[in-house]
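Comments concern the structure below.
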Amino acid sequence: GIVGVFGYGGGVIGRYCDQPEMFPGVAHFHTIRVNQPGGKYYSTEYLKKLTDLWERRGSGITNMHGSTGDIILLGTHTPQLEEFFYELTHDLGQDLGGSGSNLRTPSDCLGKSRCEYACYDTQALCFDLTNEYQDYLHRPAFPYKFKFKFDGCPNCCVASIARADMSFIGTWKDDIRIDPKAVAAYVGGELKPNAGAHSGRDWGAFDIQKEVVGLCPTRCM
């Protein structure tokens, strides 16, 4: 609330030095939170534009990503805030994230876009709720911060249990499905473990009892 951009109550965290006369270079060192893309997918072109913008308008120091999920840009002066905000939204099509006593930027895992374990479309839900609660992101109205995070399965890749107030975690609600032919091909070496990422390493014969059945936490297999 000390410093921000026009129309927004969140997204910029005011930082000031207690001894600006001694350290004029960091008299202001405001932090900006930028709303990350769903699943944290970037193009190289976008990253170059963002880092060029921050090099021009700020310190060039980044944190990809903070525990809230956002892109964190560390250190800029007050006169640069509106300039940075205009270029971020108009040229890069990106929005500020949440900061302060509001809804923090919703964050999701890769979900169905790449992960075979995802039990629901995390990116779709994250996108919908980000738009539904946009006012609560940018105009703090809570007594304290509040976080949504979306995990497609109990592997919890965005740490929704540890880092969110409301966790959305996909769980399997049907009978356990096993493809016996695929299991046999995997055990026999026809299907390569981890899509071939471990090729060249020899860990011995695959022991399905030890490595799968014995590790099942509910003993359902």
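The values are calculated or read from the model by the stated rules, or taken from the named source; none is laboratory data. Bear in mind that the values here come from a model prediction, so they are computed numbers and not experimental data. Don't worry about glycine lacking a Cβ; one is built from the backbone with ideal geometry, like all the others, and counts go over all protein chains shown. These area figures cover heavy atoms from the full protein model, side chains too; ligands, DNA and RNA do not enter into them. Shrake-Rupley method; radii C 1.70, N 1.55, O 1.52, S 1.80 Å.
By how many nm would the segment from Tyr136 to Ile208 lengthen if fully extended, with 0.36 nm per residue of separation less the alpha-carbon distance? Mind dumping the intermediate values first?
On the way: separation 72, 0.36 × 72 = 25.92 nm, distance 4.93 nm.
Length gained between Tyr136 and Ile208: 21.0 nm.
Using a 1.4 Å probe and counting only protein heavy atoms, arrange Leu215, Leu81 so the residue with the most accessible area comes first. Walk me through the numbers before you get to the answer.
Values: Leu215 120, Leu81 5 Å².
Result of the area sort, largest leading: Leu215, Leu81.
Take the alpha carbon atoms of segment 1-50, find their center, do the same for segment 101-146, and report the distance between the two centers in whole angstrom.
20 Å
For Lys49, Lys192, Lys40, give me the order by solvent-accessible area with a 1.4 Å probe, most accessible first, ignoring ligands, DNA and RNA. Walk me through the numbers before you get to the answer.
Working: Lys49 95, Lys192 130, Lys40 65 Å².
Heavy-atom accessible area, descending, gives Lys192, Lys49, Lys40.
Among Gly189, Leu81, Ala164, whose Cα projects farthest towards the positive end of the dipole of the chain, with charges put on the beta-carbon of Lys, Arg (+1) and Asp, Glu (-1)?
Looking along the dipole axis, the top candidate is Gly189.
How much length would be gained if the chain were fully extended between Ser67 and Ala184, taking 0.36 nm per residue of separation minus their Cα-Cα distance, in nm to one decimal?
On the way: separation 117, 0.36 × 117 = 42.12 nm, distance 4.08 nm.
The Ser67-Ala184 span can extend by a further 38.0 nm.
Could you work out the helix-only [θ] at 222 nm for the chain, with each DSSP H run of four or more residues adding -39,500 (n - 2.57) and the total divided by the number of residues, to the nearest 500 deg cm²/dmol? Present the calculation step by step, with values, prior to reporting the outcome.
Values: 7 runs with 60 residues, N = 221.
Calculated from helices alone, the mean residue ellipticity at 222 nm is -7500 deg cm²/dmol.
Given a 1.4 Å probe and the protein chains all in place, what does the accessible area of Tyr136 round to, in Å² to the nearest 10?
100 Å²
Probe radius 1.4 Å, ligands and nucleic acids left out: which of Arg139, Arg177, Arg56 has the largest accessible area, and how do the rest follow? If you can, show how the numbers build up before the last one.
Details: Arg139 115, Arg177 170, Arg56 135 Å².
Largest accessible area first, the residues go Arg177, Arg56, Arg139.
Please turn the phi angles of segment 7-24 into ³J(HN,Hα) values with the Karplus equation 6.51 cos²θ - 1.76 cosθ + 1.60 (θ = phi - 60°), one per residue in order, whole Hz, x for glycine and proline.
My calculation for segment 7-24 gives x, 10, x, x, x, 10, 9, x, 10, 10, 7, 6, 10, x, 5, 7, 10, x Hz in order.
Hey, in the GNM for the chain with a 10 angstrom Cα cutoff, which one of Tyr133, Tyr120, Tyr41 fluctuates hardest?
Comparing Tyr133, Tyr120, Tyr41 in a Gaussian network model of the chain, the most mobile one is Tyr41.
Where both residues lie in the chain, what percent of DSSP beta bridges are antiparallel, nearest 5? Walk me through the intermediate numbers first.
Working: 12 of 19 bridges.
Bridges in the chain are about 65 percent antiparallel.
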